[in-house]
Amino acid sequence: MDACRKKIVETATHKDLFLNTYKLFYEDVDNREKAMLQNIYNYSIGNHYNQAVFLIGAGHRKSIIEKIEDCKKQQQLNLNWTFYGS
């Protein structure tokens with residue numbers, strides 16, 4: 001949790017409720033990102049293609065790249081990922 005978010009949480013009136021909501025939100029985001037990648041790998045196993053594009057919002061960039069690195073170690077299929085943008 002970055003400093004700004006931490007300060008907001010620490011000063012929240014209902015801190016426990018806020019922390020629980022925060023945790024649930026990021027768990028949901030994490031699960032959706034994992035599902036998106038799993039869908040890509042499942043599709044890639046059953047379908048042949050030369051290139052594909054996976055568009056995501058900038059807020060997902062870091063966590064998706066980290067999850068892709070994990071997938072490279074765990075998946076039997078090796079996809080050649082190229083990342084664009086800053």
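In segment 41-84, which residues are small (Gly, Ala, Ser), assigned to a loop (DSSP other than H, G, I, E, B) and farther than 19 Å from Val29 by Cβ? Spell out the reasoning first.
Of segment 41-84, the ones small (Gly, Ala, Ser) are 44, 46, 52, 57-59, 63.
Next, only the ones that are assigned to a loop (DSSP other than H, G, I, E, B) stay: 52, 57.
Answer for segment 41-84, where residues must be small (Gly, Ala, Ser), assigned to a loop (DSSP other than H, G, I, E, B) and farther than 19 Å from Val29 by Cβ: just Ala52.
With the requirement that a residue be surrounded by 12 or more Cβ atoms within 10 Å (Cβ to Cβ) and either within 19 Å of Leu55 (Cβ to Cβ) or among the basic types (Lys, Arg) (or both), what does segment 73-86 give you? Before the answer, list the steps.
Kept after step one, since they are surrounded by 12 or more Cβ atoms within 10 Å (Cβ to Cβ), are these residues of segment 73-86: 75, 79, 81.
The answer is Leu79, Trp81.
Among the residues of segment 1-20, which ones are in a helix (DSSP H, G or I) and surrounded by 11 or more Cβ atoms within 10 Å (Cβ to Cβ)?
First, pick out the residues of segment 1-20 that are in a helix (DSSP H, G or I): 3-11, 15-20.
Matches in segment 1-20: Lys7, Ile8, Val9, Lys15, Phe18, Leu19, Asn20.
What are the residues in segment 30-60 that are within 30 Å of Val9 (Cβ to Cβ) and modelled with pLDDT under 95, if any? Spell out the reasoning first.
To start, the set of residues in segment 30-60 that are within 30 Å of Val9 (Cβ to Cβ) comprises 30-37, 56-60.
Across segment 30-60, the qualifying residues are Ile56, Gly57, Ala58, Gly59, His60.
Tell me which residues, restricted to segment 1-27, are farther than 29 Å from Asn78 by Cβ and charged (D, E, K, R).
Asp2, Arg5, Lys6, Lys7, Glu10, Lys15, Asp16, Lys23
The values are calculated or read from the model by the stated rules, or taken from the named source; none is laboratory data. Since the structure is predicted, the reported quantities are computational estimates derived from the model, not experimental observations. Quick reminder, even Gly has a Cβ in these numbers, built from the backbone with ideal geometry, and neighbours come from all protein chains shown.
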